[in-house]
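Read-outs throughout are calculated quantities, based only on the coordinates presented, and are distinct from any laboratory measurement. All values derive from a computational prediction rather than experimental measurement. Reconstructed Cβ throughout: ideal geometry from the backbone, glycine too, with neighbour counts over all protein chains shown.
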Amino acid sequence: MDNMNNTDERDMQNVNTDETAAPEEDNALVAEEAAAPKRRLPVAAFVLYGIAAAALAVYIAARLSPAFADFFNRHIGTVVRGFLAHLTGWIPFSLGEATVIFLPVLAVFMIVHACRRYADSWRSVFIYFCTVLSFVSLLFSVFVFGFGTGYYGTTVDKKLDLDRTAVSPEELYYTAYILAEHVNEESANVTYLCNDFSVMPYTFDEMSRKLVEAYDKVCDTYDFIPRLSSRVKPVMLSEPWTYTHISGVYTYFTGEANINTNFPDYTIPYTAAHEMAHQRGIAREDEANFIAFLVCMASDDPYIRYSGYLEVYEYVASSLYSADRSYYTAVTRRLRSNVTGEMAAYSAFFDKYRENVVANVSETVNNTYLQIQGTVGSKSYGLVVDLAVAYYRSAAYNNSSRTEQ
């Protein structure tokens, strides 16, 4: 009986010891959690969110007031775009392209990093997500401060005092006729290969310098276009990029004008001038097309002039084809055989890329983006026809006025 009692006493002591230890362990865990530093949103994230809020206010103001959009785009936007262009201009490759290529790798790294370092609690996950989102918001801020307000300023036709009204088939024919004559004239100084494609007679960098010189001339005439010593960059993955039907893109977050070099040579100077227009704050696509046309015309180089005239001729001729087939046939017959051969060669080149899923997706994304910015979407590229007709209509009026005087 004594042995049994001793055993019971020891069991009771063990139970009491366990019961005493459990609260002590809980208290230790609570103390450890209390001692551990709580994760907080970094100060940098608050700053970036504050900048994004300011950008949103600017964006709304620009949409409401063209005068404010003009002021901001000309004074603040010019500084931001110029800073980015100079910051990345010395890099021999497209930083924008490299960013897009390595974006999936970066995304995987961030997910793995989050799982290892921030998966201890939902609070940590939330803090990490908000931190990442703050850096993403910087893209929106740079877009607004550097480029986005350009969509809502005074239109180019008003700045140039052009009469942008409805276009008749006769005016389309008149414009196409003039452009065809210029194309023929410039083609006499162009070298063509046996497959009918013309050849750009200098390097990509030399083309950039020639276009900057032409832009300086245009800036002397139209002061709303800021001066900028910039360059265009070839895209390394140009051949697969051609399946998107995109010949060039301005990456606003790096300030770079990126060119698809897989397209035929004659398209490249005009495309480069278009993207350089974006670098200078001309946001709307039809206006960037038209400014590129003015720049190409102002160039001292015959191949750049040839590129500008032929590209805009193709836009106008396409509209003329829809408006009046007989006019279209008449003006097409005026083109030299080398020029029609180049256009036929381009059509054959593009057949490989014409119909594909990637192009459809790219078209949808680009169209949606442009519509969000208040334009008519992808159709806005072709609206350069209205500006070209208005330009030659104004030129004809001025010539007739001088003749009467």
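Restricting to the chain, what percent of DSSP beta bridges are antiparallel, rounded to 5? The answer is about 60 percent antiparallel.
To the nearest 10 degrees, how steep is helix 2-35 against the longest Cα principal axis of the chain, on a 0 to 90 scale? Around 30 degrees separate the two axes. Among W90, W241, the ranking by other beta carbons within 10 Å of each residue's beta carbon, starting with the fewest, stands as W90, W241. For the chain, the longest piece that avoids every one of the trypsin sites (Lys or Arg not before Pro) found in DSSP loops with at most 11 other C-beta atoms within 10 Å covers 41-332. Fewest-first ordering of C194, C130, C296, C219 by other beta carbons within 10 Å of each residue's beta carbon gives C194, C130, C219, C296. Among A348, A272, A52, the largest mean-square fluctuation in a Gaussian network model of the chain (Cα springs under 10 Å) belongs to A348. If R0 is taken as 25 Å, the Cβ-Cβ distance between S168 and R333 corresponds to a FRET efficiency of 0.75.
By how many degrees, 0 to 90 and rounded to 10, does the Cα axis of helix 302-323 deviate from the longest principal axis of the chain? So the inclination is approximately 90 degrees. Counting only residues at least eight positions apart within a chain, or on another chain, the lysines with an alpha carbon under 25 Å from that of K352 are K233, K379.
Taking only the Cα atoms of region 43-152, the ratio Rg/Rh comes out at 1.07, with Rh defined as the Kirkwood radius. Start at zero, step by 20 Å, and the Cα-Cα distances of the chain spread as 22, 47, 16, 7, 5, 2, 0 percent across the bins. Using Cβ point charges alone (K and R +1, D and E -1), the dipole size of region 215-320 about the Cα centre works out to roughly 200 debye.
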